[in-house]
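S.K.: Structure provided below as structure tokens; questions to follow.
The values are calculated or read from the model by the stated rules, or taken from the named source; none is laboratory data. Small disclaimer: the values here were computed from a predicted structure and weren't measured. Cβ placement follows ideal geometry from the backbone for every residue including glycine, while neighbour counts extend to all protein chains displayed. Remember, those area values only see protein heavy atoms, side chains included, never the ligands or the DNA or RNA. Shrake-Rupley method; radii C 1.70, N 1.55, O 1.52, S 1.80 Å.
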Amino acid sequence: MSPETTGPGTTGGTGTATVVAAAADSTRVIHNRRSRTEIVARLAQRNGSLVILVVLAGVMAVAFPTFATAGNLSQIAIQASFFAPLALGMTFVIFTGGIDLSVGSVYALGGILAAWGSQYGFAVAVLLPLLGCGLIGLVQGVIIARTAIPAFIVTLAGLLFARGLLLILTNEGSTTYKVEQGSAFLGLSQGRFLGLGWPVWITVVLFVAGVIVVRRTSYGSTLLAIGGQEDAANLMGLPVARSKMIVYTVSGLLAGLAGALTASYTASGVTTLGVGLELTAISAVVLGGTLLTGGAGTVFGSLVGIVLLQVVANLINRLGLTNSNWQAVVNGAVLVVVAVGQVQLSRIQARSRSATGGGAAESD
């Protein structure tokens, strides 16, 4: 008897197998479609700012012949390098689900300390803002790590403390500390190597180190775990408190370094600098693809974000909008739009992972 006529159950068995196979194929199609959706959402979240930067730069290069000149691009890079350390420190803070509102005032304080210390030599001008601002960050980190006080409140207090301290040091802003001509400290920002200013090279080194920390060390994984779910990180035995202390200390150190670079560039310590700069740092980090809720993000994206904001500032100047408040308007609008976009993209990825049983998105 041929296989096709072995009995009455054969046709039913074949039909069932066909249905099962069709269902499996349908499941695979749905799985692949959802996987592609998750991948697209993840790429948009992590690399959207880079695409916008490339497109905007291309449009500006066509619209403004002087935009793509070496001098203008070098100036954009220099300006971005003064704020990039703030964005890097803020990136690590936000990885943990925290926030640091003090960086703008700490940055200004770092500039004052550097300018005052320059009269005692290069080493004092550099180390004084690092130590002073790092200490402020450490105190904030200890309070945040050891108490239940939210980072928002602690760093807001740090903002007021740093701003008040710099006003005391400058007699309510009436005293401006100048860096003497010929001081070696001026070379920190005004010197050049291979056609680029030293602040640009310092920024490159800092961000390369930041990427290595996140990708190649347990500390980077710990920060992301804390931001993902702090209670779970504690149960896993991760050094949550110590990691938070370090991350806020580093944020203070980098803010002090940024202030020192600016003081070297301007040859003075200016008390009015840094107002609202914490929002610029946050905007750059969020624009670069790091979630405000923590647990996922990208160091390189924060660098792209800060460069993009500087390109936008360059565009504003070229359009003749000389009022500096336009930059604040743009930063605020960008922060709202990108934050909403991040939430929507995160929901898309979460739904896709839930449906397909996938893992969490990667971070660099």
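S.K.: Return yes when V250 is under 30 Å from V307 (Cα atoms), under 23 Å from the mean Cα position of the chain (by Cα) and surrounded by fewer than 16 Cβ atoms within 10 Å (Cβ to Cβ) and no when it is not. Can you show your working first?
M.R.: Details: under 30 Å from V307 (Cα atoms): yes; under 23 Å from the mean Cα position of the chain (by Cα): yes; surrounded by fewer than 16 Cβ atoms within 10 Å (Cβ to Cβ): no.
For V250, the condition - under 30 Å from V307 (Cα atoms), under 23 Å from the mean Cα position of the chain (by Cα) and surrounded by fewer than 16 Cβ atoms within 10 Å (Cβ to Cβ) - is not met.
S.K.: Evaluate the following for S324: is it surrounded by fewer than 17 Cβ atoms within 10 Å (Cβ to Cβ), at pLDDT below 80 and under 16 Å from Q79 (Cα atoms)?
M.R.: On the way: surrounded by fewer than 17 Cβ atoms within 10 Å (Cβ to Cβ): yes; at pLDDT below 80: yes; under 16 Å from Q79 (Cα atoms): yes.
Yes.
S.K.: Name the single residue that is nearest to P199 (Cα to Cα) among those in the range 254-272 being among the hydrophobic types (A, V, I, L, M, F, W, C) and crowded, with 24+ Cβ neighbours inside 10 Å. Spell out the reasoning first.
M.R.: Here is the first cut: in the range 254-272, the ones among the hydrophobic types (A, V, I, L, M, F, W, C) are 254-255, 257-258, 260-261, 263, 267, 270.
Then drop every residue that is not crowded, with 24+ Cβ neighbours inside 10 Å, which leaves 254-255, 257-258, 260-261, 263.
Details: L254: 13, A255: 14, L257: 10, A258: 9, A260: 10, L261: 7, A263: 12 Å.
Top of the filtered list is L261.
S.K.: Among the residues of the range 296-312, how many are modelled with pLDDT under 85 and part of a helix (DSSP H, G or I)?
M.R.: 0
S.K.: Residues F185, F161, F193: which one is within 30 Å of A70 (Cβ to Cβ), out of contact with any Leu (no Cβ under 6 Å at 6 or more places or on another chain) and open to solvent by 90 Å² or more (accessible area, probe 1.4 Å)? Break it down stepwise before answering.
M.R.: Working: F185 fails: open to solvent by 90 Å² or more (accessible area, probe 1.4 Å); F161 fails: within 30 Å of A70 (Cβ to Cβ).
Answer to the check: F193.
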